[in-house]
1. Filter segment 290-324 down to the residues that are among the β-branched types (V, I, T), closer than 22 Å to L73 by Cβ and surrounded by fewer than 22 Cβ atoms within 10 Å (Cβ to Cβ) and list them by number.
2. I'm trying to understand the selection: among the residues of segment 176-198, which are surrounded by 22 or more Cβ atoms within 10 Å (Cβ to Cβ) and under 23 Å from G329 (Cα atoms)?
3. For segment 384-402: of the residues being within 21 Å of T166 (Cα to Cα) and of a type in the set (A, V, I, L, M), which is surrounded by the most Cβ atoms within 10 Å (Cβ to Cβ)?
4. Would you check which residues across segment 239-261 are in a helix (DSSP H, G or I), crowded, with 18+ Cβ neighbours inside 10 Å and either among the small types (G, A, S) or assigned by TED's automatic domain parsing to the domain that holds Q328 (or both) and list them?
5. Kindly establish whether V37 is modelled with pLDDT under 95, of a type in the set (V, I, T) and surrounded by fewer than 24 Cβ atoms within 10 Å (Cβ to Cβ).
6. Given the residues L20, L16, L68, L12, which is the only one that is assigned by TED's automatic domain parsing to the domain that holds L353, at pLDDT below 95, in contact with an Asp or Glu (Cβ under 9 Å, 6 or more places away or on another chain) and surrounded by fewer than 18 Cβ atoms within 10 Å (Cβ to Cβ)?
7. Would you pick out the residues in segment 349-386 that are in contact (Cβ under 8 Å) with a residue 40 or more places away in the chain, hydrophobic (A, V, I, L, M, F, W, C) and assigned to a loop (DSSP other than H, G, I, E, B)?
8. Can you tell me which of I163, I169 is at pLDDT below 95, under 24 Å from the mean Cα position of the chain (by Cα) and among the β-branched types (V, I, T)?
Amino acid sequence: MTRKPLGSAVALAAALVTLLSGCGTLGAAPGPDDRPVDKAGTTIGPGITPSTIQLGVLTDLSGPYAPLGRSVLQAEQLYVDRVNASGGVCGRKLKLIVRDHGYDVEKAVIQYRQLEPSIAAMPGLLGSSIINALMADVGTDQVMTMALGYSSTLLGQSTLQTISATYDIDMINGLDWAAGAYGLKRGDKVGYLYLKGDYGHNALRGAKFVAHEKRLNLVTRELSEDQKDLSAQVHDLAGAGVKAVLITASPLQTASAVGSAAAQGLLVPFLSSAAGFHPQMLQSPAAPAVLSMLRLVAPTPALTDHAPQIKKLVADYQREYPGQPLDQGVENGHNTMAVAVQDLKEACADKDLSREGIIAAHHKLTGFDPGMGPALDFSDPWRPSATASYILKPEKGVPGGLVDVKGPFKVPSVEQYLARF
């Protein structure tokens, strides 16, 4: 998708709306392209005031993904607080404007329309259905947006960015690893339980690529979000004689599937997408089966990783939010905000804090290391920002309930897949 810059008349109108809403820099002189410029000579746009840079977050704090939304948001706020304590960005403090859509698409669309005129960028947009509903709007409005969803169907958008490997890339790395680790051979049957929608279908596409390459037979069962008991689906897979099971579903569904498999005597390894795990699973009746049978493929390492920034994040998070559960969403929030802040710093250095300037600054970032996971490259909107993955396993009594098994690693099939698709 090629971004077309706004014409000067549209840009001037947007600037006037922003000033009237109280979000522009009062008294700023117009620049050569009719956009306002602050006293330091930096072009500014919506969400930029003399003292603040306002950033939008549309998330789920009351719906089905509230635990994830909460941990992501708290990590983002923690990062913002740290940046502000160090002086902010471009002489301004960062301010998050948060709205809870409760995973209601209609509500999210209304909230976005209310929020859009007053923000410079949106570093938090959670939920595949929400992202799909707003994709065209963030493009039209030129709002640089970090998607807290990792489907490769989101690639190719200059204003919408996935942070880390996409679901399909993770599953390519994961199934390739599982084939070697569990001795899967040509002709073996591998079960796949996946949610209907972008999350499940995108991961399935990656699995199909590897299955074809290794001549494995996938036995698939599609799930709806309201299915809680997966014992019947597991029974089907057991009857088919699967040697392993892949699952791309919710944590509740993952726990049900693994627990049902153990109860039915289907003692085969399970490999889950990262979003299919939550530490609360280790307090459920399925915990013994989860600990012994489940592994995850994830775009970021476990919170028990020895990287200095991860150790610091865990300590800071526990101090700031005592008693709050730690999960992989904490890393996602940190990385998302790290990218957004780096975008703003680059835009400030370019003396262009307009929305167009922030977008241009974002796509200049290559080899950016957020400290938690592989380095990120945003130069090509059509490629995932990272293509390496981690294998994790559940463990009780540790932050996030996971420990590293392998990673970061990338199998040769990834580049073959990207060249094809």
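The values are calculated or read from the model by the stated rules, or taken from the named source; none is laboratory data. Not measured: the values here are computed from a predicted model. Cβ coordinates were reconstructed from backbone atoms using ideal geometry, including for glycine residues, and neighbour counts include every protein chain displayed.
1. Answer for segment 290-324, where residues must be among the β-branched types (V, I, T), closer than 22 Å to L73 by Cβ and surrounded by fewer than 22 Cβ atoms within 10 Å (Cβ to Cβ): just V314.
2. L193, Y194, L195
3. Only one residue fits best here, namely L392.
4. A255, S256, A257, G259, S260, A261, listed by residue number.
5. Answer is yes for this residue.
6. Exactly one residue qualifies, and that residue is L12.
7. Once the filter is applied, which keeps residues that are in contact (Cβ under 8 Å) with a residue 40 or more places away in the chain, hydrophobic (A, V, I, L, M, F, W, C) and assigned to a loop (DSSP other than H, G, I, E, B), segment 349-386 yields M372, F378, W382, A386.
8. Checking each option against the conditions leaves just I163.
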